[in-house]
Amino acid sequence: MTDLAQTTAEAMSLLMSGDERLWSIIQVSFSTTVKAILLAIPPAFLIGFLLSICRFPGRWMLISMFNTLLSVPTVVVGLLLYLLLSRSGPLGDLHLLFSQTAMVIGQMLLAFPLLVAMSLSAFRAADRNAWETARTLGAGPFRALTTLMYEVRFGLAAAGIASYGRIISEVGCSMMIGGNIMNHTRNIPTAIALETSKGEFAQGIALGMVLLVLALGLNFFVSLMQRRGEITT
């Protein structure tokens, strides 16, 4: 217990002292994940909306495919991207392997199925009259879509937060295509795995605290949004 308390105190000291190595890892992690989620959200929400509103052959097959992709291990996604981006792969000439760009692509692929599945559920739960009424009143497709998205904003926010939580905490894909290079592609999960394997528990705990505070902050934000929505209605 004393060792745990001492290690935790060291972790707090690292965070408060502005340790350059530690904060470089945090910066890489947040930079790549924020880019990935912002790039993935618009097309994923659009697909979720189209799957909820349109009826076409193969629709259920597409929905089943996205649901199946939810269970694909992150290391498998990383392996596939590694094979594509390696020098002998079809995209090797792009020289993206072991770069932050490759990490962003991998995280987008991980977030995309979850964003589609959860946004689809949110749009299905919405009052279809909101879309039909907006269209009847002369609103264009984009205006009607934004109206519907406002109606299901809490569900969409939950989809974004759940997807962000998945990519910021994943290890396998980032390790394989990022290479865990210090000051370049080493993010929070890969750093935790590396440092704890070396017995450097203080840094691992410090980075774990960052993830915990992030999770608490995001959930508090969603709860606050829901509470304000209940008050206004």
Restricting the stretch 20-31 to residues that are touching a residue at least 12 places away in the same chain (Cβ under 8 Å) and farther than 14 Å from VAL104 by Cα, the residue that is farthest from the chain's Cα centre (by Cα): ARG21
Of the residues in the stretch 210-220, those that are among the hydrophobic types (A, V, I, L, M, F, W, C) and touching a residue at least 40 places away in the same chain (Cβ under 8 Å) number 5
Condition set among the hydrophobic types (A, V, I, L, M, F, W, C) and crowded, with 18+ Cβ neighbours inside 10 Å, scope the stretch 146-160, selection farthest from VAL213 (Cα to Cα): answer is LEU148
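Kindly provide the set of residues from the stretch 179-209 that are among the hydrophobic types (A, V, I, L, M, F, W, C), in contact (Cβ under 8 Å) with a residue 24 or more places away in the chain and in contact with a helix residue (DSSP H, G or I) (Cβ under 6 Å, 6 or more places away or on another chain), ordered by number. Break it down into steps so the answer makes sense when it comes.
Keep residues of the stretch 179-209 that are among the hydrophobic types (A, V, I, L, M, F, W, C), which gives 181-182, 188, 191-194, 201-202, 205-207, 209.
Then keep just the ones that are in contact (Cβ under 8 Å) with a residue 24 or more places away in the chain; that gives 181-182, 188, 191, 201-202, 205-207, 209.
Once the filter is applied, which keeps residues that are among the hydrophobic types (A, V, I, L, M, F, W, C), in contact (Cβ under 8 Å) with a residue 24 or more places away in the chain and in contact with a helix residue (DSSP H, G or I) (Cβ under 6 Å, 6 or more places away or on another chain), the stretch 179-209 yields ILE188, ALA191, PHE201, ALA202, ILE205, ALA206, LEU207.
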Show me the helices (runs of 4 or more DSSP H) entirely contained within the stretch 17-119 in which 3 or more residues are closer than 27 Å to MET149 by Cα. 20-53, 59-69
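Matching residues to (1) under 17 Å from the mean Cα position of the chain (by Cα); (2) acidic (Asp, Glu):
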site: GLY160; (1), (2): yes, no
site: GLU170; (1), (2): yes, yes
site: CYS173; (1), (2): yes, no
site: MET176; (1), (2): no, no
site: ASN183; (1), (2): no, no
site: PRO189; (1), (2): yes, no
site: VAL213; (1), (2): yes, no
site: GLY217; (1), (2): yes, no
Breaking point among (1) surrounded by fewer than 18 Cβ atoms within 10 Å (Cβ to Cβ); (2) at pLDDT 90 or above, for MET118: (1)
Determine which single condition ALA125 fails, assuming it passes every other condition in (1) within 18 Å of ILE168 (Cβ to Cβ); (2) in contact (Cβ under 8 Å) with a residue 12 or more places away in the chain. (1)
If I filter the stretch 77-90 for residues that are in contact with a Leu (Cβ under 6 Å, 6 or more places away or on another chain), closer than 22 Å to ALA44 by Cα, crowded, with 16+ Cβ neighbours inside 10 Å and not polar (S, T, N, Q), do I get at least one hit? yes
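The values are calculated or read from the model by the stated rules, or taken from the named source; none is laboratory data. This is a predicted model, so every value here is computed, not measured. Note: ideal-geometry Cβ built from the backbone for every residue, glycine included; neighbour counts use all protein chains shown.
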